[in-house]
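Everything on this sheet refers to the single structure shown next.
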Amino acid sequence: MEIKRIPRHVSIIMDGNGRWAKQRGKERIYGHFEGAESVRACAEAAVEEGVRYLSLFAFSEENWGRPEEEVMKLMDLMMDSIKNEVGTFMDNDIRFLVLGNRARLSPSLNKAIDGLEQMTAGNDRMTMIIFLSYSGKWDILQAAKKLALRYKDDPEGLDSLEIKDFDNYLVTAGIPDPDLLIRTSGEERISNYLLWQCAYTEFYFTDILWPDFRKNEFRAALEEYAQRDRRYGKVK
Ligand code: IPE
Ligand code: IPE
Ligand code: MG
């Protein structure tokens, strides 16, 4: 089926891995492994449909509060994915970016991320952004701190600052705001994700758990998006 009006930027809150595993009587980490397959499937579907930016909420600042074993295994999974998926990024011409509070990640993970970011920097069919150790309030605060420093001796400059200028201090500087935000697993909340950037984003909620969210489910979300009427407060 042909899909009209493709969103430029699709973002996903990948949720429900733990419940998926529990339903099968397995450890939570098993759901995270299976979820990694959904990442690959959705990345391929996004490239095929002409989406230019695919961003994925992989680990929130709040997720550091999970049991240490789960956190460690999630970080190991991230490390393994970076090492094993180099070919996927190069073959599909995908640029890789990680955004979030990078200072909280281990030096070895940061090094691996830097390596893949540099290797894929010239790829331009699609940009895949992984939000890692990210929260929306953290992002707004770090932007405000950078701004305070930048303008501490320039009150007039500060006075003439506009909304689009503030965008440039967020970690998403240069990346268009999401057109479509998908959240899986039946939860209907933003969980401190892209608070500033989702001001006019279309939301799509589905009961499907993330490990079951594959190409067909991704395409169904795009079809629904194509039916939405985006008015931005105006009258048609
Ligand atoms: C999403 O699945 C993955 C992360 C938040 C890291 P969950 O681990 O939150 O799975 P549920 O919500 O407990 O089922
Ligand atoms: C949101 O999922 C964070 C990610 C998907 C990375 P959570 O499972 O952590 O969110 P809550 O706790 O249900 O809001
Ligand atoms: Mg969850």
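Assorted remarks:
- Positive contributions from Lys and Arg (+1) and negative ones from Asp and Glu (-1), summed over other residues with Cβ under 10 Å from the Cβ of PHE57, come out at 0.
- Overall form of the stretch 1-117 per C-alpha gyration tensor (a/c, 1.5; a/b vs b/c): oblate
- Residues in the stretch 143-150 carry Karplus couplings, in order, of 5, 4, 5, 4, 4, 4, 5, 4 Hz; the curve used is 6.51 cos²θ - 1.76 cosθ + 1.60 with θ = phi - 60°, and Gly or Pro positions show x.
- Residue pairs, from the table LYS4/LYS234; LYS73/LYS137; LYS73/LYS215; LYS111/LYS137; LYS4/LYS146, whose Cα atoms sit over 30 Å apart: LYS4/LYS146
- Only protein heavy atoms count here; under a 1.4 Å probe, PHE96 has an accessible surface of about 10 Å².
- Student exercise, the stretch 1-84 dipole from Lys, Arg, Asp, Glu Cβ charges, in Debye to nearest 20: 260
- A quarter of the convex hull surface defined by the alpha-carbon atoms of the stretch 159-236 gives 7.3 nm² as the mean projection.
- Cα-only radius of gyration and Dmax that characterise the stretch 70-204, units Å: 16.9, 50
- Accessible surface area normalised per residue over the chain is 53 Å², counting heavy atoms of protein chains with a 1.4 Å rolling probe.
- Note on the stretch 1-57: Kirkwood radius taken over Cα pairs, Stokes-Einstein applied at 4 °C and 1.567 mPa s, translational D equal to 103 µm² s⁻¹.
- Scalar couplings 3J(HN,Hα) for the stretch 188-200, obtained by applying the Karplus form with A = 6.51, B = -1.76, C = 1.60 to θ = phi - 60°, are 10, 8, 8, 6, 6, 8, 6, 6, 5, 6, 9, 3, 10 Hz; x denotes Gly and Pro.
- Loop-resident sites, the stretch 140-186, for trypsin sites (Lys or Arg not before Pro), counting at most 13 other Cβ within 10 Å (DSSP): LYS152
- When Rg and Dmax are taken over the Cα atoms of the stretch 46-113, they come to 13.5, 39 Å.
- Shape analysis of the chain based on the Cα gyration tensor places the equivalent ellipsoid semi-axes at 28, 24, 18 Å, largest first.
- Structural size metrics of the stretch 88-168, computed from C-alpha coordinates, are Rg and Dmax of 16.3, 49 Å.
The values are calculated or read from the model by the stated rules, or taken from the named source; none is laboratory data. Predicted, not measured: the structure shown is a model, and the values here were computed from it. Glycine also receives a Cβ, built like all others from the backbone with ideal geometry; neighbour counts cover every protein chain displayed. Keep in mind that these areas ignore ligands, DNA and RNA; they rest on the heavy atoms of the full protein, side chains included. Shrake-Rupley method; radii C 1.70, N 1.55, O 1.52, S 1.80 Å.
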